[in-house]
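Quick notes on the structure that follows.
The values are calculated or read from the model by the stated rules, or taken from the named source; none is laboratory data. Just so you know, these numbers come straight off a predicted model, no measurement behind them. All Cβ positions, glycine included, derive from the backbone under ideal geometry; neighbour counts span all protein chains shown. What goes into the accessible areas is simple: the full protein's heavy atoms, side chains included, and nothing from ligands, DNA or RNA. Shrake-Rupley method; radii C 1.70, N 1.55, O 1.52, S 1.80 Å.
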Amino acid sequence: MEAASTGTARIVVARDGTVAHVELARGDRLNAMDGGFFEELGATFRALSGDSGVRAILLSAQGRHFSAGLDLGWAAAQFAEVGDPGRFAERQVRDIAWLQGAIDAVEAARQPVIAVLHGGVIGGGVDLACACDLRVAAADAWFQVAEVDVGITADLGTLQRLPHLIPGGIVRELALTGRKMAADEAARWGLVNRVAADRDSALAAGWELARTIAAKSPMAVVGTKRSLNHSRGRTIEDGLRDVATWNAATLANADLAAIGRARAAGTTATFADLRAGPG
């Protein structure tokens, strides 16, 4: 495996062939999310989205917990000097949008993102997990939409994405009570794709999923993720029109021919990288 640190203490990225492994690396602080974390998260996923050699992304975390969520000490410091209430509020709107943008970058990555979750997945950790495409949990993982317990409304995506993953009544219960949901319950409701015995087993399952996806036609994978994301919250007719336009523009690609040749020869198809671009 070829490893390359981003040179900071919050995010570490390694490459294994066509799979990029992103690790939350602030384990000594329970991977609490401060301003530096959000800056690196957004920059990391925007860069990977534009990397033509990456076909799947694995996201995991160091330390005892996946993430304790927002770094409350850092957040409190943002309210130190209010000054003009109107101007402060205007800045807050922009600041929250910036934080949201970092989580959005995970969902917007061209490549599927597989999250490997262990220990506590709390507050902003749930926001981040919900922005991923697939989720594998260790048996010790637990989920908590904890914002209600610190007097705020979750604003980084949980309330918008989680209702598309699990039943609405369960979302409301979690968000309004702040109770913890264990990995087995998360699997029962469909929040996680599978539960593994421990963190190492969950990582192994995550790698298996990532490598399986990375071996598929990148044109088909990118198109599938794009269509699924576009169709969420839209009518069936809108989704069908969009995917028809996508296929009309992209079906004439080399991957189809590569699959045909490989099947005729009884071999495994290989595919060229997508072209590099900004995202």
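Averaged per residue, what accessible surface does the chain expose to a 1.4 Å probe, in Å²?
That works out to 49 Å² for each residue.
Ignoring any ligand, DNA or RNA, what whole percent of the accessible area of the stretch 193-261 comes from carbon and sulfur when the probe is 1.4 angstrom?
C and S fraction of accessible area: 60 percent.
Give the Debye-formula value of log10 I(q)/I(0) at each listed q (0.09, 0.11, 0.15 Å⁻¹), with one equal scatterer per alpha carbon of the stretch 38-181, two decimals each.
-0.30, -0.44, -0.80
Sort His164, His230 from largest to smallest accessible area, using a 1.4 Å probe on the heavy atoms of the protein chains.
Reading off the accessible areas and sorting them downward yields His164, His230.
Over the chain, calculate the relative contact order: mean separation of alpha carbon pairs under 8 Å at least 6 apart, over the residue count, as a percent.
Relative contact order comes out at 18 percent.
Check each of the trypsin sites (Lys or Arg not before Pro) in the stretch 181-279 and keep only those in coil by DSSP with at most 14 other C-beta atoms within 10 angstrom; list them in order.
Qualifying residues, ordered by number: Arg232, Arg234, Arg275.
Can you give the % of DSSP beta bridges in the chain that are antiparallel, to the nearest 5?
40
Could you work out which residue, out of Ala129, Ala146, Ala220, moves most in a Gaussian network model of the chain, that is, has the largest mean-square fluctuation with Cα springs under 10 Å?
Ranking Ala129, Ala146, Ala220 by mean-square fluctuation puts Ala220 first.
Which of Val113, Val150, Val195 ends up with the largest GNM mean-square fluctuation for the chain, with Cα atoms connected below 10 Å?
The residue with the greatest mean-square fluctuation here is Val150.
Okay, helix-only estimate at 222 nm for the chain: each DSSP H run of n ≥ 4 adds -39500 (n - 2.57), divide by all residues, round to 500 deg cm²/dmol; what do you get?
Calculated at 222 nm, the ellipticity per residue is -14500 deg cm²/dmol.
Report the antiparallel proportion of the DSSP beta bridges in the stretch 112-180 as a percent, rounded to a multiple of 5.
10
Could you work out the mean projected area of the convex hull around the alpha carbons of the chain, in square nanometres to one decimal?
16.8
Using alpha-carbon pairs under 8 Å, 6+ residues apart, how would you state the relative contact order of the stretch 191-279 in percent?
In percent, rounded to a whole number, it is 25.
So what's the net charge close to Pro163: Lys and Arg +1, Asp and Glu -1, counting the other residues with Cβ under 13 Å from its Cβ?
+2
For the chain, set up a GNM with springs between Cα atoms under 10 Å and report which of Asn247, Asn193, Asn31 has the largest fluctuation.
Comparing Asn247, Asn193, Asn31 in a Gaussian network model of the chain, the most mobile one is Asn247.
With the Cα gyration tensor of the stretch 120-279 in hand, convert its eigenvalues to equivalent ellipsoid semi-axes via √(5λ) and list them largest first in whole Å.
Semi-axes, largest first: 35, 21, 13 Å.
Given 37 °C and 0.692 mPa s, how large is the Stokes-Einstein diffusion coefficient of the stretch 1-103 in µm²/s, with Rh as the Kirkwood radius over Cα pairs?
After rounding, the answer is 218 µm²/s.
Report, to two decimal places, the Cα Rg of the stretch 34-78 normalised by 2.2 N^0.38 Å (N = number of residues).
1.45
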